[in-house]
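Report on one structure; see the data block that follows.
The values are calculated or read from the model by the stated rules, or taken from the named source; none is laboratory data. It should be emphasised that the depicted structure is a prediction, and the values quoted were computed from it without experimental measurement. Glycine gets a Cβ as well: all are built from the backbone with ideal geometry, and neighbour counts include every protein chain shown.
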Ligand SMILES: [Zn+2]
């Protein structure tokens, strides 16, 4: 009896010590876990290559959807629809847009009512917008060209034609024209590699781009695919408002005139990362539909690609004039 009375407090002390041990140990284990997590995040920022690999593994869709719904809480449904086509990246929301436009049976600039309304709201958490410059006063303009998609991201696909390749071919022709005309030209990719949308935007900051031109192809995934064709252009006027709109209208109209393609209009949008997050005047042009046999064949020809490229180059000349 006595011995037991003496031993009981001893046992309690042991149990208390064990509990303390578990708590203190748990605290240090969780601390080291947090530190490891932070460290690896930092290391991916320091090393973009590492970041790319991990993003490829964890997020085949490049994460642009998250960025967009974060930036535009008011138009989630619009964004989701635009990105529901599974092309793997931002860019061209081919199905959503096309179906939408066909459904509205207008298919051109007249229908901006909807997007105008949306663009006036949802900017509360955006940084202060960058105002327009005097673009004609820029002595040596830096033009950033953005061939859409690349690497594992093919963009839209029609048979064995991959959007990323058409985008790149047109971009190279445009680059040559612009370099010959004295522009400094920077490309967001110079080979067939995947470049994330945020990296493309960052590249425009890194080279102090004066304008940003993103080149894409469209796709219509429906029974009327052979009757849907033409050129669509997108911009956003949050940053460089007058320049963005003017650049989009100039490029769009010159390319339509040069190619004699169907004019599907210029639209202001709030859901394309490369036009909303770049601060210089920027445009995303869909130069045609790969789903339309006749237009696809034109888009693959050197002549037609030259017409598109020279239309864009002439518009850029006029923009800086
Ligand atoms: Zn695209």
| Can you tell me which residues in the stretch 152-161 are over 16 Å from residue 302 (Cα atoms) and more than 10 Å from the ligand (Cβ to nearest atom)? | 152, 157, 158, 159, 160
| Those residues of the stretch 200-226 which are under 27 Å from residue 161 (Cβ atoms) and either within 16 Å of the ligand (Cβ to nearest atom) or free of Cβ contacts under 8 Å to residues at least 12 places away in the same chain (or both), in sequence order | 200, 212, 213, 214, 215, 216, 217, 218, 219, 220, 221, 223
| said: Condition check: farther than 21 Å from residue 234 by Cβ, within 21 Å of the chain's Cα centre (by Cα) and assigned by TED's automatic domain parsing to the domain that holds residue 297. Does residue 190 satisfy that? | reply: yes
| said: Just to check your reading of the model, which residue among 246, 264 is farther than 20 Å from residue 145 by Cβ and modelled with pLDDT of 95 or more? | reply: 264
| request: Answer yes or no: is there a residue in the stretch 216-230 that is at positive phi, buried (at least 17 other Cβ atoms within 10 Å of the Cβ) and under 22 Å from the mean Cα position of the chain (by Cα). | output: yes
